[in-house]
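Note sheet for the following structure.
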Amino acid sequence: MSSTIVLVHGAWHGAWCWDRVAVPLREQGHAVVAVDLPGHGTDPRPLGDLHGDAAAVRDALDALDAADGEVVLVGHSYGGAVVTEAGVHPSVGRLVYLAAFCIEDHETCATAGGDDPRLAAISHEGRPNLAEAFVIHDDGTITLTPDGAADCLYNDCDQPSIDWALAHLTPQPMVTFTQSPSVASWHTRPATYVVCDHDQGVHPDLQRLMAERCETTVTWPVDHSPFLSDPTRVVEFLAELADR
């Protein structure tokens, strides 16, 4: 039986970002659920925090039919912190971290890997800085400047894809970057990390440190958003995992 693939987006995004992956997977016969975290995409609820986002994913997992098999739970970027907490759900058979925050239960997205002495040796010279693209608002949310988002998140994408993504981005609560997951599910669930080697948003060397926490690692020559820049690669990879 093929597993159900559940896709969790990262900060500022929504389920829409998975369209080029979810549609062909469904055409191949796979069961796919792309989750809108609260306040993102078409979800009408107020923006929440990390724990509320994880609860929304658990609710989505609760709604699945047991006949659809175990779940491959995929988190992109900040979505990695979300699936780290939500991934203890009994339906989850495998976690996938796509350029994502595979963090301990005492870490946050902002402090990921902070206990590792190798972190200080990571060079940021010649790279754009995503934090410099932050626009911080009085309501505690962050948006991104268009140029900063394009340079850091979509540097391998064509211009129409960049324009489409920029038009869909929504505010992200600042608190989500400073909270720790209540549990680190990768301790008890098989996990695969996908290092995105052209990533200008989450440093590939930081990704490699976090990937050491996972059972298996693959490295792709892609940017932070391969669901836009190289969706065929993502489709083939997830289809193979789901069919195992």
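With the convex hull of its Cα atoms as the shape, segment 72-198 has an orientation-averaged projected area of 9.1 nm².
Computed with the Debye formula from one identical point scatterer per Cα of segment 126-244, without solvent, the log10 of I(q)/I(0) at q = 0.19 Å⁻¹ comes to -1.22. Of the residues 221, 160, 38, which exhibits the maximal mean-square fluctuation in a Gaussian network model of the chain defined by a 10 Å Cα contact cut-off? For the chain, modelled as a Gaussian network with Cα springs under 10 Å, the answer is 160.
Relative contact order (percent) for the chain, with alpha-carbon contacts under 8 angstrom and 6 or more residues of separation?
Details: 513 pairs, mean separation 58.7, N = 244.
So the answer I get is 24 percent.
Counting beta carbons within 10 Å around each of 182, 2, 77 and listing the fewest first gives the order 182, 2, 77. Arranged from fewest to most other beta-carbon atoms within 10 Å of their beta carbon, 119, 73 become 119, 73. In segment 77-136, Rg over Rh equals 1.04, where Rg is the alpha-carbon radius of gyration and Rh the Kirkwood radius from pairwise Cα distances.
Taking 2.2 N^0.38 Å as the expected size of a compact globular protein, what ratio does the Cα radius of gyration of segment 183-233 give against it, to two decimals?
On the way: Rg = 11.6 Å, N = 51, 2.2 N^0.38 = 9.8 Å.
Normalised by 2.2 N^0.38 Å, the Cα Rg of segment 183-233 equals 1.18.
Working note: 222 nm ellipticity from helices only, DSSP H runs with n ≥ 4, each -39,500 (n - 2.57), summed and divided by the residues of the chain, gives -8500 deg cm²/dmol to the nearest 500.
As an exercise, use a Förster radius of 25 Å and the Cβ-Cβ distance of residue 183 and residue 216 to find the FRET efficiency, rounded to the nearest 0.05.
Numbers: r = 21 Å, r/R0 = 0.85.
That pair, residue 183 with residue 216, gives E of 0.75.
Note that the chain carries a Kirkwood radius of 17.7 Å, evaluated over its alpha carbons pair by pair.
Does segment 39-115 come out rounded, prolate or oblate by the C-alpha gyration tensor, with a ≥ b ≥ c the root eigenvalues, rounded set by a/c under 1.5 and, if not, prolate when a/b is larger than b/c and oblate if not? Provide the component values of the computation, followed by the final result.
Details: a/c = 2.13, a/b = 1.28, b/c = 1.66.
Verdict is oblate for segment 39-115.
Given all pairs of different Cα atoms, what value in angstroms does the Kirkwood hydrodynamic radius of segment 4-79 take?
Working: mean 1/r = 0.0790 Å⁻¹.
So the Kirkwood estimate lands at 12.7 Å.
Would you calculate the volume per residue, in Å³, of the smallest convex hull containing every Cα atom of segment 21-63? Output value, Cα hull per residue: 78 Å³. Calculate I(q)/I(0) for segment 131-201 by the Debye formula, one identical point scatterer on each C-alpha and no solvent, and give its log10 at q = 0.16, 0.23, 0.27 Å⁻¹ to two decimals. So the normalised log intensities are -0.78, -1.06, -1.16.
None of the figures in this text is laboratory data; all of them are computed from the coordinates on show. Just so it is clear, the structure is predicted and the values come from calculations on it, not from any experiment. Heads up, the Cβs are rebuilt from the backbone with ideal geometry, glycines too, and the neighbour counts pull from every protein chain shown.
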